[in-house]
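Novice: I am attaching a structure below and will ask some questions about it afterwards.
The values are calculated or read from the model by the stated rules, or taken from the named source; none is laboratory data. What you are looking at is a predicted structure, and each value in this text was computed from that prediction instead of being measured. Every residue, glycine as well, gets a Cβ built from its backbone with ideal geometry; the counts of neighbours run over all protein chains shown.
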């Protein structure tokens, strides 16, 4: 049991457990699983101006989801700190070779220190990844009306055509970034 | 919401965050691997999550199950006529997802795991969300 908590889970165990989030939230209170709405709720909570998009009762709409988000942070602490896996991620050798060729040197944790450290903020690459990457995730998720959880998991689970179109968009963007833009950014 | 309600959503969120870490989907490396088609890992996880989600949504709809409070469960459909927003918004999101190597759930889970610099993408994602709110009327939907 203790091993199960420390070891990484294989995809065929993790996938079904992840999928259970959808029925758990529906049965808990008829809630639809989607993380990025919380970014809107947080904007609405801090909002003092007159942007219509943020003028709604964020407390009654978003309290449950913000609580869920607090749980996500706690789950990250338990799964990634308390019961952290001490070994590097078992990546495909071809991915490691590609990334080494692009100059990535640290393969120890969940993210490479080369890009994800406070000192990386002093470099163009670090700024692009942490600031531009985050900005596009926030902007794109709201523009598309959902992120990986809301569209790829919830939306596809409910057979929504809109979500399928959004997921195709996710992949167009992801492939362009990975194969065309990232080599330029890292060079 | 009373204490039990908060505890309920906190628990489901904790399970979600825990699985995100244990499945390594929070990893920038796994996202790189996925967009290079080098491993089944991410596709297997998302695919199986969707299958479980789909089966449970079908069961909930067919049997007209009620939630814990006894209220009927209704799932509002998304407006699939707004094609530009899904393609354009989706593509911008995908560029950000591959660049940062994390989508909203993983950003927060990584922050919880002690990678404090993830506070920066939390703030920039909030800025991106705010920018969308400002520009919404001028964007094609």
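Novice: With the checklist (1) within 29 Å of residue A:42 (Cβ to Cβ); (2) within 7 Å of chain B (Cβ to nearest Cβ); (3) assigned to a helix (DSSP H, G or I) in hand, flag the one item residue A:175 doesn't pass.
Specialist: (1)
Novice: When you look at residue A:126, is it without any contact (Cβ under 8 Å) to a residue 24 or more places away in the chain, in a helix (DSSP H, G or I), within 19 Å of residue B:119 (Cα to Cα) and more than 7 Å from chain B (Cβ to nearest Cβ), yes or no?
Specialist: Yes, satisfied.
Novice: What residue, among those in the stretch B:112-123 that are crowded, with 24+ Cβ neighbours inside 10 Å and over 16 Å from the mean Cα position of the chain (by Cα), is nearest to residue A:118 (Cα to Cα)?
Specialist: Ranking the candidates gives B:118 first.
Novice: Contact list please: Cβ distance under 6 Å, first residue in the stretch A:1-29 and without any contact (Cβ under 8 Å) to a residue 12 or more places away in the chain, second residue outside any helix (DSSP H, G or I) and buried (at least 18 other Cβ atoms within 10 Å of the Cβ), pairs at least six apart or on different chains.
Specialist: A:9/B:23; A:14/B:23; A:26/B:73
Novice: Sticking with this structure for a sec: Given the criteria part of a helix (DSSP H, G or I) and buried (at least 21 other Cβ atoms within 10 Å of the Cβ), does residue B:34 qualify?
Specialist: The answer is yes for residue B:34.
Novice: Here is a list: B:64, B:58. Which entry is free of Cβ contacts under 8 Å to residues at least 40 places away in the same chain, surrounded by fewer than 21 Cβ atoms within 10 Å (Cβ to Cβ), in contact with a strand residue (DSSP E or B) (Cβ under 8 Å, 6 or more places away or on another chain) and more than 7 Å from chain A (Cβ to nearest Cβ)?
Specialist: B:64
Novice: Return yes or no: is residue B:26 in a loop (DSSP other than H, G, I, E, B), within 7 Å of chain A (Cβ to nearest Cβ) and buried (at least 24 other Cβ atoms within 10 Å of the Cβ)?
Specialist: So residue B:26 passes the test.
Novice: Does residue A:137 satisfy the condition of being more than 27 Å from residue B:141 (Cβ to Cβ), at the interface with another protein chain (Cβ under 7 Å from one of its Cβ atoms), in contact with a helix residue (DSSP H, G or I) (Cβ under 7 Å, 6 or more places away or on another chain) and in a helix (DSSP H, G or I)?
Specialist: When the stated conditions are applied, residue A:137 does not pass them.
Novice: Taking the stated definitions as given, is residue A:4 more than 7 Å from chain B (Cβ to nearest Cβ) and farther than 28 Å from residue B:130 by Cα?
Specialist: Yes, satisfied.
Novice: When you look at residue A:170, is it outside any helix (DSSP H, G or I), under 18 Å from the mean Cα position of the chain (by Cα), crowded, with 18+ Cβ neighbours inside 10 Å and at pLDDT 95 or above, yes or no?
Specialist: It is false that residue A:170 is outside any helix (DSSP H, G or I), under 18 Å from the mean Cα position of the chain (by Cα), crowded, with 18+ Cβ neighbours inside 10 Å and at pLDDT 95 or above.
Novice: Give me the pairs: first residue in the stretch A:72-99 and within 7 Å of chain B (Cβ to nearest Cβ) and more than 21 Å from residue A:11 (Cβ to Cβ), second residue surrounded by fewer than 18 Cβ atoms within 10 Å (Cβ to Cβ) and modelled with pLDDT of 95 or more, beta-carbon distance under 7 Å, and six or more apart or on different chains, which are they?
Specialist: A:81/B:114
Novice: Sticking with this one: I'd like to check something: does the stretch B:113-124 contain any residue that is closer than 24 Å to residue A:76 by Cβ and in contact (Cβ under 8 Å) with a residue 60 or more places away in the chain?
Specialist: yes
Novice: In the stretch B:81-106, which residue that is more than 7 Å from chain A (Cβ to nearest Cβ) and crowded, with 24+ Cβ neighbours inside 10 Å is farthest from residue A:175 (Cα to Cα)?
Specialist: B:106
Novice: Between B:4, B:14, which is within 17 Å of the chain's Cα centre (by Cα) and in a helix (DSSP H, G or I)?
Specialist: Exactly one of B:4, B:14 is within 17 Å of the chain's Cα centre (by Cα) and in a helix (DSSP H, G or I), namely B:14.
Novice: Another question about this same structure. Do the conditions hold for residue B:109, that is, is it buried (at least 24 other Cβ atoms within 10 Å of the Cβ), within 16 Å of the chain's Cα centre (by Cα) and not in a helix (DSSP H, G or I)?
Specialist: No, not satisfied.
Novice: When the stretch A:36-71 is examined, which residues are found to be more than 7 Å from chain B (Cβ to nearest Cβ) and not in a helix (DSSP H, G or I)?
Specialist: Within the stretch A:36-71, A:47, A:48, A:49, A:50, A:55, A:56, A:57 qualify.
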